[in-house]
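This report refers to the structure that appears directly beneath it.
The values are calculated or read from the model by the stated rules, or taken from the named source; none is laboratory data. Since the structure is predicted, the reported quantities are computational estimates derived from the model, not experimental observations. When we count neighbours, we look across all protein chains shown, and the Cβ atoms used for this are built from the backbone with ideal geometry, even at glycine.
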Amino acid sequence: MRGRLTIMIAAVALGLAPATALATSQDVASTHTYILANFALQRATEARVKAVEADVASLNQRLGQECPNVGAGSPQDEEAQQVSHEVAGMLWSIAYGADAGPIHAFVQAVKPLRWSSRRITRLAQSYATSLQELAALALPNICADVRTWSAGGFRTAPPATISFDQYAESIEAHAIPVRLLAPYERPADRGVIARTRHLEYELEGSEISAGFNDWELLLDTLGLHE
């Protein structure tokens, strides 16, 4: 009886013990490295906001010279939406391409990390791979694609447009949810996480407003609809 009671008490104690008591040294070390790498990436992204805007302005100027109003007369239908999505993807290409260096550093830091939780390890690997794919996203030839669309009477979106859209939209870059890492945080990590979340919040707001304006700017130059 005493043996069974001891086992029951141990089981209850294990169940009530904080999750950090179950964390391995590898869990804690991997979490610390990931948190620092993610913070460095967000800081680098913030530092490149003006550079990205300059790149968008340069692209818009080039499109204005190479194919201004190339989409004039195009309809507002499902095919047009696919072409406008391609323009949005161009902005992804520019933004993530500008961060290629910091993204490479993030990937180098995160790819070797492992947790006792397979789910967290999988999420970390997926996030790093997705960022890598976004950084390598090639800028499509929108002038050629819209000309092809126009030559076909704007009836069917060009195969290149459809292919680009499908690939770009298949890349889902999601950071590891903070709640999953909480059991493995060091006390000092919490301050870094708070600063990271603040940066992410500011960047998200900036990307929504500036990104929409940039998208409209390019569409207007190309003579396309939203």
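Would you point out which residue out of V56, V49 is surrounded by 14 or more Cβ atoms within 10 Å (Cβ to Cβ), farther than 30 Å from P187 by Cβ and modelled with pLDDT under 95? It would help to see each step written out before you state the result.
Numbers: V56 fails: modelled with pLDDT under 95.
It is V49.
Return the residues of the stretch 131-146 that are more than 11 Å from F106 (Cβ to Cβ) and not β-branched (V, I, T); say none if nothing qualifies.
Taking the stretch 131-146 as the starting set, the residues that turn out to be more than 11 Å from F106 (Cβ to Cβ) are 133-134, 136-146.
E133, L134, A136, L137, A138, L139, P140, N141, C143, A144, D145, listed by residue number.
Pairs please, first residue from the stretch 87-103 and under 19 Å from W215 (Cα atoms), second anywhere and outside any helix (DSSP H, G or I) and among the small types (G, A, S), Cβ atoms under 7 Å, 6+ apart in sequence or on different chains.
Hits for this filter: S93/A138.
Please go through the stretch 141-170 and pick out each residue that is surrounded by 16 or more Cβ atoms within 10 Å (Cβ to Cβ) and within 19 Å of the chain's Cα centre (by Cα).
F164, D165, A168
Could you say which residue among S126, S116 is in contact (Cβ under 8 Å) with a residue 24 or more places away in the chain and within 24 Å of F164 (Cα to Cα)?
Numbers: S116 fails: within 24 Å of F164 (Cα to Cα).
Just a single option satisfies the conditions, and that option is S126.
Within the stretch 12-46, which residues are modelled with pLDDT of 95 or more, aliphatic (A, V, I, L, M) and farther than 16 Å from A124 by Cβ?
The one that is modelled with pLDDT of 95 or more, aliphatic (A, V, I, L, M) and farther than 16 Å from A124 by Cβ: A44.
Given the options L203, L181, L199, L222, name the one that is more than 27 Å from R118 (Cα to Cα), modelled with pLDDT of 95 or more and of a type outside the set (G, A, S).
On the way: L203 fails: modelled with pLDDT of 95 or more; L181 fails: more than 27 Å from R118 (Cα to Cα); L199 fails: modelled with pLDDT of 95 or more.
Being more than 27 Å from R118 (Cα to Cα), modelled with pLDDT of 95 or more and of a type outside the set (G, A, S) holds for just one of L203, L181, L199, L222, which is L222.
If only one of A157, A188 is more than 27 Å from T221 (Cα to Cα) and of a type in the set (A, V, I, L, M, F, W, C), which one is it? Write out each step before concluding.
Working: A157 fails: more than 27 Å from T221 (Cα to Cα).
None of the others qualify; the one that does is A188.
Quickly run through the stretch 59-80 and pick out the residues that are at pLDDT 95 or above and of a type in the set (S, T, N, Q).
N60, Q61, Q65, N69
When the residues of the stretch 54-78 are filtered to those that are more than 29 Å from the chain's Cα centre (by Cα) and in a helix (DSSP H, G or I), which remaining residue is nearest to G153 (Cα to Cα)?
The qualifying residue nearest to G153 (Cα to Cα) is E66.
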